[in-house]
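Colleague: First, the structure itself, so that you have it in front of you.
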Amino acid sequence: MKKLLVDLEKLYSCEKPVAECSYYYRPGNDGITRLREIGQFIYICRKCEDAPCVNACPKEALEKQPDGTVKRYTMRCISCKSCSHACPFGAIPIETVPYITSQCDECIDRCDKDAPICSKTCSIEGAVKFVEVEESEKDDIYFMGKNVAVRAKPWKKYHP
Ligand code: SF4
Ligand code: SF4
């Protein structure tokens, strides 16, 4: 089955990747930025034990989850970008903490007819594709939900 393959490394290489989105409920929706945010907290974030991003947030909008990942509660976030500045690893690009958060419904019910429009319009060539894909540690490809896969070098903690 084909999935949306999002290359986080390529998206990180550009300050403001742009792609069209067919999410119905919000005109101007920026679905790839939402996907990027989810992926970056899972795969790019170093999962700091005493997370500077969480501590910097004035609205308690960031919370560490039991598995160590950080989640942003979008209804509390005021888009002040303090977390982005506090992260010592640059894991939170400022555009991924917008005031109005976009959504991605993974084009469920639409991508059996046609490839998602983001895969055809992304400003970074090859950053978003709609392809047959397998999970592969060797190729840095991991599934993220039913219809999405990401390519990223996941950060792993070194235990001496
Ligand atoms: S941008 Fe949002 S999540 Fe980040 S510090 Fe500000 S309020 Fe918190
Ligand atoms: S400060 Fe950066 S690397 Fe550390 S938990 Fe927060 S987002 Fe992740």
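Where a number appears in this text, it was derived from the coordinates with a stated rule and is not lab data. These figures come from a predicted structure and were not determined experimentally. Cβ: placed from backbone, ideal geometry, glycine included. Neighbour counts: every protein chain shown.
Colleague: On a 19 Å Cα-Cα criterion, which of the cross-link pairs Lys2/Lys120; Lys16/Lys157; Lys71/Lys138 come out too long?
Modeller: Lys16/Lys157; Lys71/Lys138
Colleague: Now, a different point. State, to one decimal in nm, how far the label point of Tyr24 lies from the label point of Ser79, with both points 7 Å from Cα in the Cβ direction.
Modeller: Modelled inter-label distance: 2.6 nm.
Colleague: Something else about it: So what is the 222 nm mean residue ellipticity for the chain from helices alone, if each DSSP H run of at least 4 adds -39500 (n - 2.57) and you divide by all residues, rounding to the nearest 500 deg cm²/dmol?
Modeller: -4000 deg cm²/dmol
Colleague: Continuing with this model, one more query. Let a ≥ b ≥ c be the square roots of the eigenvalues of the Cα gyration tensor of the chain; is it rounded (a/c under 1.5), or, if not, prolate (a/b larger than b/c) or oblate?
Modeller: Note, shape of the chain comes out oblate.
Colleague: Are there chymotrypsin sites (Phe, Trp or Tyr not before Pro) in segment 117-160 that DSSP marks as loop and that have at most 16 other Cβ atoms within 10 Å, and which are they?
Modeller: Answer by residue number: Trp155, Tyr158.
Colleague: Can you give me the relative contact order of the chain as a percent, contacts being Cα pairs under 8 Å and 6 or more apart?
Modeller: Computed value for the chain: 39 percent relative contact order.
Colleague: Then there is this: Arg110 versus Ser136, label points 7 Å from Cα toward the beta carbon: distance in nm?
Modeller: 2.9
Colleague: Label points 7 Å out from Cα along the Cβ direction at Phe143 and Gln103: separation in nm?
Modeller: Placing both labels 7 Å along Cα→Cβ, they lie 2.4 nm apart.
Colleague: Give the residue list of trypsin sites (Lys or Arg not before Pro) in segment 86-160 that are DSSP loop and have at most 16 other beta-carbon atoms within 10 angstrom.
Modeller: Answer in residue order: Arg110, Lys113, Lys138, Lys146, Lys156, Lys157.
Colleague: Roughly what % of DSSP beta bridges within the chain run antiparallel, to the nearest 5?
Modeller: Roughly 75 percent of the beta bridges in the chain run antiparallel, per DSSP.
Colleague: Taking the Cα centre of the chain as the origin and placing charges on Cβ (Lys, Arg +1; Asp, Glu -1), which of Pro88, Thr69, Ala115 is farthest toward the positive end of the dipole?
Modeller: Checking the options against the dipole of the chain, the answer is Pro88.
Colleague: Given a cut-off of under 8 Å on Cα pairs at least six residues apart, what relative contact order in percent is computed for segment 104-160?
Modeller: On the way: 37 pairs, mean separation 12.1, N = 57.
Computed over segment 104-160, the figure is 21 percent.
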